[in-house]
Each structure stands twice: as C-alpha cells, then as structure tokens.
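The next block holds one structure in the form of structure tokens; read it before the comments.
The values are calculated or read from the model by the stated rules, or taken from the named source; none is laboratory data. As the structure is a prediction and not an experimental result, all values here were calculated from the model. Here the Cβ positions follow ideal geometry from the backbone for every residue, glycine too, while neighbour counts run over all protein chains shown. The protein model used for the area step is the full one, side chains on, heavy atoms only, and it has no ligands, DNA or RNA in it. Shrake-Rupley method; radii C 1.70, N 1.55, O 1.52, S 1.80 Å.
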Protein chains: 4
Amino acid sequence: MGQLINEQTRGVFVIAVTPFSSTGAIDYASVDRMLDFYRDQKVHGLTILGIMGEAQKLSSDESLELTRHVLRRVGDTLPTIVGISGASFQVMRGLAQTSMDAGAAGVMVAPPMGLRTDDQIFNYYGSVCKAIGSDIPLVYQDYPQSTDVYLSPNLFLRLVQAYPQLVMLKHEESPGLGKISTIRSESEQKGVRRVSILVGNGALYYPLELQRGADGAMTGFAYPEMLVEVFERFFAGDPEGAEDLFDLYLPLVRYEQQPNVGLAIRKEILHRRGAIASPALRPPGYALTRADTEELDRLMARLARQLGGENAERQRVAEATMSTRK
Amino acid sequence: MGQLINEQTRGVFVIAVTPFSSTGAIDYASVDRMLDFYRDQKVHGLTILGIMGEAQKLSSDESLELTRHVLRRVGDTLPTIVGISGASFQVMRGLAQTSMDAGAAGVMVAPPMGLRTDDQIFNYYGSVCKAIGSDIPLVYQDYPQSTDVYLSPNLFLRLVQAYPQLVMLKHEESPGLGKISTIRSESEQKGVRRVSILVGNGALYYPLELQRGADGAMTGFAYPEMLVEVFERFFAGDPEGAEDLFDLYLPLVRYEQQPNVGLAIRKEILHRRGAIASPALRPPGYALTRADTEELDRLMARLARQLGGENAERQRVAEATMSTRK
Amino acid sequence: MGQLINEQTRGVFVIAVTPFSSTGAIDYASVDRMLDFYRDQKVHGLTILGIMGEAQKLSSDESLELTRHVLRRVGDTLPTIVGISGASFQVMRGLAQTSMDAGAAGVMVAPPMGLRTDDQIFNYYGSVCKAIGSDIPLVYQDYPQSTDVYLSPNLFLRLVQAYPQLVMLKHEESPGLGKISTIRSESEQKGVRRVSILVGNGALYYPLELQRGADGAMTGFAYPEMLVEVFERFFAGDPEGAEDLFDLYLPLVRYEQQPNVGLAIRKEILHRRGAIASPALRPPGYALTRADTEELDRLMARLARQLGGENAERQRVAEATMSTRK
Amino acid sequence: MGQLINEQTRGVFVIAVTPFSSTGAIDYASVDRMLDFYRDQKVHGLTILGIMGEAQKLSSDESLELTRHVLRRVGDTLPTIVGISGASFQVMRGLAQTSMDAGAAGVMVAPPMGLRTDDQIFNYYGSVCKAIGSDIPLVYQDYPQSTDVYLSPNLFLRLVQAYPQLVMLKHEESPGLGKISTIRSESEQKGVRRVSILVGNGALYYPLELQRGADGAMTGFAYPEMLVEVFERFFAGDPEGAEDLFDLYLPLVRYEQQPNVGLAIRKEILHRRGAIASPALRPPGYALTRADTEELDRLMARLARQLGGENAERQRVAEATMSTRK
C-alpha cells in the first residue's frame, strides 16, 4: 500500500482530467502523458474520478480500469485520491476497495443531491464510513453549487468528531472564506481534531483561502505550477509574493472557472501545453467555439506577456541585489 | 386583544383565499361573505396572508388594510393567524404589530429561500423573534416544496426549546408522516415542550396525520366542513369514521392539491358554493380551461352522489337504531 | 427481435421494481417471481431500469445483466421498455444496443439535470437519437419533479416532428392534466403525428388523464390489476365505472405516491403479496418504521373491506339482473 | 419626461445600493451623497431597485418614495432605470407608472421563479408589456443564478421581435460569453432588431463581454470609475488597454462578486470611499467579520499599490513621449 492522506496532508492535489480519444474511448497514452506533465509541475498529489474528471460519464468498468491504470503508473510517486461518489453504497464499496488495494491514498465522497438537513448529511456519512470500512481515509467533497447539499461548519466538526477516518475537507462552497475561518476557530475553541482543508472552486480565492487557514488546493487549473508556486511562497512566509503571482494568472483562473465551459477550456489548455492528445470531452459536453479559442489565444498571450514582465522584474531585482552585495 | 393561539390550540384553521374583483382589486364584499361562509362551516380559526391567500401579490398597504378589515370583521369569533413572511425584518415587524394590535391570535413565518443549514434556520428564527418581540405567538410554516428550506425534527425541537413564543408548527413537508411521529416521540423522550401541529398540504394525508399526532389542519380545502367533521369524528374516538368521510372527499382533495392549478380550482369551488363573487386570481395566475371546469363538474357531481349515498346509509343506520330502541 | 412499441401502443406498462436480497445483491429468483406476478395481473407491458427500479444504484454490469435476464425471461410475452438514461452517450448506446439485441421493445430516456431551455432539450434528444441510432423506438420520460427539466407541449411536438423514432411520452409532470389536453389538441390542429402517452406519477390522476387523452399508464403501483381494470373499463366505454374502481384504491395510490417513502411502501406491498422475497431497497434508501407498517396494515385492511363491498355490490347487481331475467 | 433608454443606449449604468441608517430606515442624506459620488465617477446612467439595491426588502411605499426621491434628485443628468420586478402585475403597473411619471428612463423586469419553458417566459413578458403599457422602455434582467429562469438566445430574439418596447438585455447569466456572441450573430443573420446589452455579474467578464458585443455594463462594482474607463478605452479602440486596467481591479471584482457577502463588501467600500454613511444592509443580511475587513484592507492596499504603479508607468510613458516631442 502507498502513502495515505491524513490530517496533516498539505500541498496541491491536482484534479486530473480524463483524456478521451476522438471516438470517446479513454485515451490511456494521454493519461500517461498527463501524469508525467503533472509530475513535472511538481504537484504534491493527484485526485482522479472527480466531477471535473467526467467520472459520471464512465461506466463502472471504466472507472475501475482507469483507477488501476493510474495507480499502477504513479506508484509511490504521488499520493492519489479516488472519487467514489455514487448512488449506491454497494458500488461505492467496490470502488473504494479496488482503489485502496491498488495503492490509493484515500477516497473522496460528495453527498448525493437530496440531502437537506444536518441530520440527513450526518447519517449519510455514517453509512458511507460503515460501507467502506473504517481504515480508509476519507475526504468530504463540499461542492454545494453542484450537489445542492450545504454543510455548516458546526456539522463538519460534528462529522470530524464522529468519524476518525474523515481527515480532509475538499472545500469548494462559494463564497466560502468565512467557512474556513469558522472551522479553524471553532475547531480550536472546541478542541476538535484539526483536519486538512484543500480548496477547490478553480482556485478563484486561493491566496485568501490560504490566509484563512487552508492547507493547499485540490483543483485542476491547467497551470498547476502556479498553484504549487503560490503554495510554496505562501508557506515560505511570503504571502504578498504568493498573491502577486496568483494575480497574474487570475484572468485565466476566472476564465477557466466558468461552469460547464470551464472544463472544455481546461482541456484545451492542457492540450496546447502538450499534456493530452485531444481536448475533447466525452459527449455530451461543451465544445469550444471559434470565439472561445480566439479569446483563449488572447488571454494566453496576455499571460505570457505578464509572466515575461514578472521574470524581467525578478531578474532586475536579483541583479540589483547582487550589485549592492558587491 | 383577542384570544391568542398557544401550544394547546387545536382544530381547523382555514387558510382564507383573497377574493379579487375583475379589475384585480381586493373585493371586500366577498371577503365578508367568505368569512361568513367559513364561520358557517364551523371552522375553529382562520389564517390570512398565506401563500394560498396570494399574499405575495399584495402591496404592503393592501396587506395591512386586508388584515385590519378581516380582524375587525371576525372580532372575537375566530382566532386569526396572519402570515407575515417577507424579505425584511423591518416590514415584518410592522405587519406583526399592526396585526396584533388589530386582534390577531398570532403570526406565521415561513423561512425565506436560501436558508440551507440547521444553523442558518435556527439563527433566522432567532432574528425573527427578536424583530417582532417575544410576546407574539409564532407559527413556523414548514412548506419546503415552496420555500426549499428543510426543517429536521431535531432542529424543530431546538427551536421550540430556544424560543418560547414558538407555539405551533404548520406542517406541510411532503412526505411528512414520519416527521410528525418523530417530533412527537422525540419531544416526549427529551422532555421538550409539546406544541401544536396543524397540517397543510391540502389535507392529502389528513387522517393519517391525525393518527400520527397532529392537532388539526391549517389548509384551505374548499369544503372546510369535511376538515371540521373529520376532526370531530377523530377526536370523538372514531378514527375509522373520520377516514371514511375523508375518503369520500379524497378525489377532490387530490384534485385541488395540484400545484398552481389548485388555487384556481379552490376559488372556483368557493365561487360555485357562493362564498366569493369571482373566482379570479390576481394576475399572473392560472386560469381554468374548459376541460378543467368540465372535469370539476364531473368530480363535484361524483362527490354529491357519494355524499348522497353516505347520508342514505346514515339515515338507514339511524332508523335501524331507532327501530331497535322502540 | 420481439415486438416494438410504436405510436399506437396502449395499456399498462408496469414499472418493475428491482428486488434485492438482504446482502444487497440483485435477487434473480425474486425477479422471476415478480415477472410472473405482473403477468398474472395481465399488464400489457413492462418497463425496467426506471428511477423506481433503482437503476441509478446498479453498476453498469448489473444493468446489462438484469436487462438480459428479464428479456430472456419474458420473451415475447410482454413488450419491455428499458430505461437507459445516463450521463454519457457512450454508455447509453451500449445499453440501448444490448437491450434491443436481447429483445426489448424500446428504450426510455429522461433528460439529465441542467437542461433548461427549449433548445437545450431539443438538441439533447437530437444527440440521443444520433447516439442510439434511428431504428430504436424511443420514449421521452417527462418527470420534472425529479429531473428539474420542463417540457412544454410545443417543444414536445417539435421533438415528435423532428425525430420519427420518438413514439411515446411517459408523462409525469405534476400537475399535468392540461399538458395532455394541449398536446392532443395542438397535435391535431397542427397535423403533428399522434404518439402514445402513458402516465406516471403513481397514477394519482389516472382516470382524469385517460379522459384527457392518455393511452394508459406506465407506473409501478403495487396493485397493477387496478391499473389494468381501470384501463379496460375506460376503453370499454365505462369511464364512471373506471373512476369508481380507481377511487377505491385512491387512498393507497396517494399513500404510495409519497416521494422516497413511496418506493419502500410499494416494495413492502409487493412483498406482502408474494411477488418478491424481500422488500429491502438497496442502500441508501428509506426503511419503513413501525408506524409506517401499522399504517399500511390499516390501509390495506380498509382496501380489502372496500373491495369486499364492491364485490358484494356487484354480486347483488348480478343476482338482481339474473332474477329479473328469470 | 426625461431621456428614455433605447436600443442604442450604451455605457455604464451603475446599480445603486440603497443606503440604510443604523435603525434600518432609508438614509436619504446618503442617497444624495451616493448619487453625487456616482455622478463624479462619470457613470452614464443609473439603475435603482435592483436585487443589489435590496429592493425586495423595501415596502411598496418605500419603493415608491425612493424612486421619486432619486428621480427628482438626478433630474435630467442621468438616465435612470427602475427595477419593478414583483409577484403581481397590479403592483408592477403602479410602480412603472410612478417611475415614468417621475422621469425614469425605463423599467427593468426579471422573470419570477417558476417559469421554466420558453413559452412560459414568452407569455409572461407579453403580460408584462400589456400590464405596463406599450410606451415604456423595458429591460429584460437575465439573472438565472438568482431567478432560476433561463433565457435562450433564440427565445430572446423571439421576445425582441414580438415586443418593440424591449430595448435592452441586462445580461448576467454565468457563464454567458457564448450567449452574447450568439445573440449578436443570430440577430444579424435573421435580421432581428439589435438591442442594447449591458452586462452584470459584478463585471467579472467585462472586457471579454465587450469584445463579444456588449454595449457596456450595468453593475454596482464599488469602483465605477474603472467600469467607465474600461468602457472608454475599449470603444476608443484600445481593447488591450481596457483589459490591462480591468485586470488591476480583477482581484477586487472577484472579491465583491461573492454571492451574499459581496453586497456587504460593496457597501463597505462605498462607505470607506465616503459615498454612504453606513455600510449596513437592512436585516437580514450579511455582516462583515473582522477577517473580512482585514482582508479588504489588504486587497484595497494592493489595488492602491497597483494603481500607483500604473500611474507611475503612465507618467513615465507620458514624459518619454513629451521628451521625444521636444
């Protein structure tokens, strides 16, 4: 078994896309290339079979096969979380066990639509824990914009107290800044176990979220190196530098964060960057228009200019520093 | 001040429609006629400015005027609850005070859309209580099909414990049978104050709900005499007789319970029964088609036949009883 | 290949439940028993893998296996429609082809959540038709209470004109009486192909819907013999007799129509009637409480009394008729 | 009567907040100060009683009074659009007439929740036009994130063709870039009247939307001078310069665009900038926490630094230009 996630897990867990060929089949050669790409960008971990991985469009067999393939490929190099959300505990248990047997670091479950009260959510996760067994580390995926299930800070702490295997919150309520602050302060006040919080939402509020107490990001932004570098700068004690870098990418972060359209943009960028062979989504899915791709051309060019400027500026600062040192 | 509702309040509180003239103005002559009609049917109380009273289509002035008019007219004869739900505590407070000053028995508040967690709901009602003052009896209108706000039994009991002025639940979650049972049993087990529960949902599950622990109905079914008679039979120890009567009306209960369409049907029946001059809804609102009115003709005729049969049967039983007594 | 559904298809297509054993596996012995039960009740057809068949809780493999098993078992005796709704056209196509190869009469597709405009719905079904191929008869499952996708009469006729393989509407918008009337009248006025309409919604408005132009029912009420007999009486020219019979069952129709809870009730009744070995839903799912089962005892006993009465009444009429014939 | 909006209307129509005193009353002194502030920032127009103006929390009387006050105060200096959305055509008509009599430039109507099909939306706006009369310029507020009503490009063009008084789309679907492109291209292809499109959504995609064919913005970002300057640069033929300026503000645009929280931030900034006396929302509403205000301190300081940098850069360019001219 590989390394497991736990309460201290930090860093950038990139949400992997699922590359498809033009016939709609999973393109395993691109899966491998993409994994290399993510590794080259120095991400700290990986999440597969998330919503942005088009998990819901895979057959049960494909999910199992993709999971085994990815885990075999990354081996011990990257802790990998597998999304197992679904309508049935029976199916969920199968996917959880296969994943852990193949070396996953933990599993992630989003609540199903229709849970509406605190008690319903609490009991649901109780059943999930019972179904998958108590030794599998569990991530709560809190994405109410998609699930329509809302988790209050108090309820989350109740879950943390009740289920020791719950070690991480994937936080992507929006707006959600206050939620991170409240969870952190209430957890301290009440003496509740501090768990890992990685943020999603395409990283739109990432530097603010780090300031509020997040431990990193779990999202699939097509420039994961930014996510990693912001993380490094922030935890090296340079929050302003982290935010400076982030702001350069913010136009694209915002652009990629458009519901539905965003995944097509993300895959297109990954394709342009050589990470996957085809940007196609498995149908049904959004297909970029000419206006979209021209817009993306322009935004990517603007980013390149900005980054050029930043590098020039850094160079200048570095040289100035060196010259004063002389 | 008139009589106030409290935890022991029982019976049938009919949700009054708001009659409009053909120009869309409130038809106060029909308001009076309708109040007489309800009184003749021996209802135990009245609720005005509910969703089925088209409250949201009235201007603030009209709401205040209608409230004052109705309360002046019914005087002490019928305890009257006034719906004060709205987007602003400022406006809510004004309507609550006007209502109580004019002799209302209590006020009813539905949660606004957008409340999603237990804590959000709990805090909202705390603010409501603070806004209207602690001496006004309060009804929680629990109608998630319309508000999209879900109230768990546990949360309701938490509210009951925290806010003494909360004396009644208008229950219309659907399905909601289990909720009544749970509130009653949990309340007893935990020693939480028992409050009044009146059921809505057009009375579709009325006899079952009485069996589960409800204290009556708060709904606007156009034959309120059935609601009253079922209540009387049930609490006189004849649940089967209550359900027998209810089942005769069930085809129409079900018919009137259609979302949107139902209110137009209700007003049409009240119009046919002479309670209001015009069946019109204030626009925008559903207008019955010819197919609807013919269907209603047929369903009302079927009901008349059934009731004829029941009366004949009762007569027979009564005569048989008398003859054996001779 | 077996018989295919088409625009003239009429009758009662019962939505089959999926029986599970206590371990959560599909109980194939009960599947067979249930199929016999439905056949004994003289239903005209069958629908499997619907929402009420817990299709979403099956793995892809289980869906395929169950489909093949049922189709092999019923052979040519009952036309069988297979629900193939899902997030991916790829997976949908596979299930459609397997089903038709195994002898299905057609496939049924509900729109996925998130379709909001007429054009989005129109284009989605265009893609479905293209994905499954033009020779497979298609049913539009119109169940907005669950899918949150609303289909206007005009849009439906636009779909009927554009896609010849669309031969049936499973109608379960609520309220939906006006929709049937409008589709029928607009279709005639505009000369649009008349397709089959079978109604769902647990049959709550069944006799009214037949009057409005429906061709039968597609629902899983646990007393399918009522659905069949109402259909027979209605089309034999006895609408009042049809409605009389229906009204006897209405208390249970209403009872079984409770969202979430209803399926547990339906399975419990089927279990009590000997059609399936265990009433269990695959988790997560509602489990009946003691209050529920006692309520059901009472409602079933009331139905038995009513049916006894009806039979006695029929007997009386029959004897009277015979005696006058003497 | 003042100037009316029409199909050619362009520019920045700022959504005015409604300032409240600490007691919750409308603070008319701040209303005046705010109007001066907006005028000083050179906005091209004004919109009052929008969702971000807390219109739904005002009583009918307050809405009328505020409308009259604002229109008297701005006189002919700023075309003003009044939001009149509501549940009743009766109330809507009154507010529309009062507004136009007092000098409004037009009225804006968002569709009510519950409209789901193209035909329902089409018919609703037909009724609105009939209710308010055909000579009042109308804006369609397309904000599905709040109304849950979705407008397709085709349907919008159908509305434009049917109702000549519909002269503007307030566009704030998200994502909505493709929608602008489609409306513009379809309108041209089909020869449908070209109407004004002003964009909302807190301007998150503003420069991209201008590129797609928008005519300006209608949103309440607390730095309206940016909205104006981006508009000026863009239509002066400098889209890159427009986007450069926009990107400097993007961190705050994004920050203010948080649902619920955003309005409190906007009012706080307006308060800090001296435009209104109190940042308070009328209860219920979000109250900023200490973490929020410290975050805002930081973000505002970062903006000031960036703007300082831009000004320095511009100064440098300007000086360089001048020196070469010498």
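What number goes with the only condition from (1) touching a helix residue (DSSP H, G or I) at 6+ places or on another chain (Cβ under 7 Å); (2) hydrophobic (A, V, I, L, M, F, W, C); (3) within 26 Å of A:Tyr205 (Cα to Cα) that D:Met300 does not pass?
(1)
Given the criterion within 20 Å of the chain's Cα centre (by Cα) and either within 14 Å of chain C (Cβ to nearest Cβ) or farther than 26 Å from A:Pro284 by Cα (or both), identify the matching residue among A:Ser60, A:Ser99, A:Ser88.
Numbers: A:Ser60 fails: within 20 Å of the chain's Cα centre (by Cα); A:Ser88 fails: within 20 Å of the chain's Cα centre (by Cα).
A:Ser99 is the lone residue from the list that is within 20 Å of the chain's Cα centre (by Cα) and either within 14 Å of chain C (Cβ to nearest Cβ) or farther than 26 Å from A:Pro284 by Cα (or both).
Which one of the conditions (1) closer than 20 Å to D:Lys179 by Cα; (2) of a type in the set (S, T, N, Q); (3) away from chain C (no Cβ under 13 Å) does D:Ser127 fail to meet, given that it meets all the rest?
(1)
Checking C:Val139 against (1) among the β-branched types (Val, Ile, Thr); (2) closer than 23 Å to D:Tyr150 by Cβ; (3) within 16 Å of the chain's Cα centre (by Cα), only one condition comes out false. Which one?
Among (1) among the β-branched types (Val, Ile, Thr); (2) closer than 23 Å to D:Tyr150 by Cβ; (3) within 16 Å of the chain's Cα centre (by Cα), C:Val139 violates only (2).
Anything in segment B:261-277 that is out of contact with any Gly (no Cβ under 8 Å at 6 or more places or on another chain) and either more than 16 Å from B:Asp297 (Cα to Cα) or free of Cβ contacts under 8 Å to residues at least 12 places away in the same chain (or both)? List them, or say none.
B:His271, B:Ala275, B:Ile276, B:Ala277
Take the residues in segment B:149-192 that are of a type in the set (S, T, N, Q) and within 17 Å of B:Asp215 (Cα to Cα), then tell me which one is least open to solvent (accessible area, probe 1.4 Å).
If we filter segment B:149-192 for residues that are of a type in the set (S, T, N, Q), which is where we start, we get B:152, B:154, B:161, B:165, B:174, B:181-182, B:185, B:187, B:189.
Subsequent filtering for residues that are within 17 Å of B:Asp215 (Cα to Cα) retains B:181-182, B:185, B:187.
Values: B:Ser181: 31, B:Thr182: 53, B:Ser185: 52, B:Ser187: 10 Å².
So, considering only residues that are of a type in the set (S, T, N, Q) and within 17 Å of B:Asp215 (Cα to Cα), the one least open to solvent (accessible area, probe 1.4 Å) is B:Ser187.
In segment B:130-157, what count of residues is obtained for those that are more than 14 Å from chain A (Cβ to nearest Cβ) and either within 18 Å of B:Thr80 (Cα to Cα) or touching a Leu at 6+ places or on another chain (Cβ under 8 Å) (or both)?
Qualifying residue count, segment B:130-157: 8.
More than 14 Å from chain D (Cβ to nearest Cβ) and without any contact (Cβ under 8 Å) to a residue 40 or more places away in the chain: is that true of A:Pro283 in this structure?
Against the criterion (more than 14 Å from chain D (Cβ to nearest Cβ) and without any contact (Cβ under 8 Å) to a residue 40 or more places away in the chain), A:Pro283 does not qualify.
If you go through segment D:212-220 one residue at a time, do you hit one that is modelled with pLDDT under 95 and open to solvent by 10 Å² or more (accessible area, probe 1.4 Å)? Don't jump to the end; show me each part of the working.
At the first step, the residues of segment D:212-220 found to be modelled with pLDDT under 95 are none.
No, segment D:212-220 contains no residue that is modelled with pLDDT under 95 and open to solvent by 10 Å² or more (accessible area, probe 1.4 Å).
Output the number of residues of segment D:104-152 satisfying the condition of being on the phi > 0 side of the Ramachandran plot and in contact with a Ser or Thr (Cβ under 6 Å, 6 or more places away or on another chain).
Final tally of qualifying residues: 0.
Taking into account only those residues within segment B:1-15 that are within 19 Å of B:Ile197 (Cα to Cα) and of a type in the set (A, V, I, L, M, F, W, C), which is most open to solvent (accessible area, probe 1.4 Å)?
B:Leu4
Output the residues belonging to segment A:265-294 that are basic (Lys, Arg) and either part of a loop (DSSP other than H, G, I, E, B) or in contact with a strand residue (DSSP E or B) (Cβ under 7 Å, 6 or more places away or on another chain) (or both).
If the condition is that a residue be basic (Lys, Arg) and either part of a loop (DSSP other than H, G, I, E, B) or in contact with a strand residue (DSSP E or B) (Cβ under 7 Å, 6 or more places away or on another chain) (or both), then A:Arg273, A:Arg282 are the ones that fit.
Go through (1) among the acidic types (Asp, Glu); (2) farther than 27 Å from D:Asp135 by Cβ; (3) not in a helix (DSSP H, G or I) for D:Asp36 and report which single condition fails.
Answer for D:Asp36: the failing condition is (3).
Scan segment C:286-317 residue by residue and report those that are within 24 Å of C:Ser30 (Cα to Cα), open to solvent by 60 Å² or more (accessible area, probe 1.4 Å) and in contact (Cβ under 8 Å) with a residue 12 or more places away in the chain.
C:Tyr286, C:Ala287
For segment D:235-244, check the following and say yes or no: at least one residue is more than 29 Å from D:Asp32 (Cα to Cα), modelled with pLDDT of 95 or more and aromatic (Phe, Trp, Tyr).
The answer is yes, given that some residue of segment D:235-244 is more than 29 Å from D:Asp32 (Cα to Cα), modelled with pLDDT of 95 or more and aromatic (Phe, Trp, Tyr).
Among the residues of segment C:92-133, how many are in contact with a Lys or Arg (Cβ under 7 Å, 6 or more places away or on another chain) and of a type in the set (Gly, Ala, Ser)?
Counting residues in segment C:92-133 that are in contact with a Lys or Arg (Cβ under 7 Å, 6 or more places away or on another chain) and of a type in the set (Gly, Ala, Ser) gives 2.
Would you call C:Val12 part of a strand (DSSP E or B) and touching a strand residue (DSSP E or B) at 6+ places or on another chain (Cβ under 8 Å)?
When the stated conditions are applied, C:Val12 passes them.
Which residues, counting only those in segment C:273-283, are open to solvent by 50 Å² or more (accessible area, probe 1.4 Å) and closer than 26 Å to B:Ile180 by Cα?
C:Pro283
Just give me the residues in segment D:16-37 being open to solvent by 10 Å² or more (accessible area, probe 1.4 Å) and either aliphatic (A, V, I, L, M) or out of contact with any strand residue (DSSP E or B) (no Cβ under 7 Å at 6 or more places or on another chain) (or both), in sequence order.
Across segment D:16-37, the qualifying residues are D:Ser21, D:Ser22, D:Thr23, D:Ala25, D:Ile26, D:Tyr28, D:Ala29, D:Asp32, D:Arg33, D:Asp36, D:Phe37.
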